[in-house]
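Taking it in order: structure first as structure tokens, then the write-up.
The values are calculated or read from the model by the stated rules, or taken from the named source; none is laboratory data. The shown structure was predicted, so the numbers you read here are calculated from the model rather than taken from an experiment. Positions of Cβ are generated from backbone atoms using ideal geometry, with glycine treated the same way; all protein chains shown enter the neighbour counts.
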């Protein structure tokens with residue numbers, strides 16, 4: 001029996017011709033290790049009269065381990081009554097750890113499964129709204145829109161109504177991603193003029209090694225903030241939409257980024273961008289994201305690639 005799990009419903013029947021007097025549930029040395037409650041459905045022990053269970057009647061109850069039970073220990077549940085041929089009735093259980101259950105909210109990827117590729121085989125047609133034709137004329141999943149709000153009956157949207165938004169005031173030159181809470185430069189050329197750097201130079205050019213530098217031993221400052229850093233590989237990959245042939249074209253096009261009125265980036269190059277994540281099989285390498293087709297390679301930290309700084313999360 002699992003600790004902290006839902007109770008099980010048990011039934012004790014008096015099949016004899018005599019009533020059982022002084023009928024008691026949960027007696028014995030381990031009584032504190034169990035909890036007995038009334039089931040939602042069932043007669044419970046309504047047929048008891050003055051602690052007497054009449055002949056040919058039953059007692060229905062819920063049984064669970066209490067918070068005093070210790071995992072892997074054995075406990076005996078006991079029920080007693082006078083004039084019962086088999087009193088006490090005992091049930092021995094071993095306390096087991098209840099399975100851990102948790103809900104993890106994951107950001108939408110903008111895509112739905114595309115297997116099988118020919119969705120007509122499972123009855124999906126272009127009329128379903130989430131399908132389109134590939135180059136061979138077969139239906140494939142086009143993907144869920146980034147700002148998909150879910151079914152109308154849902155009280156809360158699944159994702160923000162608008163994903164990418166320009167900041168306000170001093171942050172007007174930056175984009176806030178409402179899906180991740182991260183802040184990015186709106187113009188990729190604002191950092192290092194869009195030029196390339198080695199992975200090491202990008203990190204060590206700052207006075208704080210955890211804060212990205214501008215190449216001149218000063219912290220990079222934009223939108224009133226100087227806590228910019230090189231994004232890790234998960235953060236950088238969050239910008240990808242693998243339903244698009246070119247990530248750079250998609251991110252830079254104000255008419256193509258999203259259909260929800262989101263703001264677009266500027267000067268995202270169709271090349272590779274450094275992440276701060278080291279490549280574990282060879283620590284002289286680090287992970288990159290290619291903003292052309294979205295693939296994720298690794299290369300020597302001494303190679304020169306562009307950097308798109310990030311800060312946050314800053315909230316929605």
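Observations, loosely collected:
- The range 197-233, subset closer than 15 Å to residue 301 by Cβ and modelled with pLDDT under 80, residue surrounded by the most Cβ atoms within 10 Å (Cβ to Cβ): 212
- Among the residues of the range 231-282, the one identified as in a loop (DSSP other than H, G, I, E, B), touching a strand residue (DSSP E or B) at 6+ places or on another chain (Cβ under 8 Å), over 26 Å from residue 169 (Cβ atoms) and in contact (Cβ under 8 Å) with a residue 60 or more places away in the chain is 269.
Residue by residue, here is whether (1) modelled with pLDDT of 85 or more; (2) closer than 12 Å to residue 95 by Cα holds:
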position: 12; (1), (2): no, no
position: 29; (1), (2): yes, no
position: 34; (1), (2): yes, yes
position: 46; (1), (2): no, no
position: 51; (1), (2): no, no
position: 55; (1), (2): no, no
position: 69; (1), (2): no, yes
position: 74; (1), (2): yes, yes
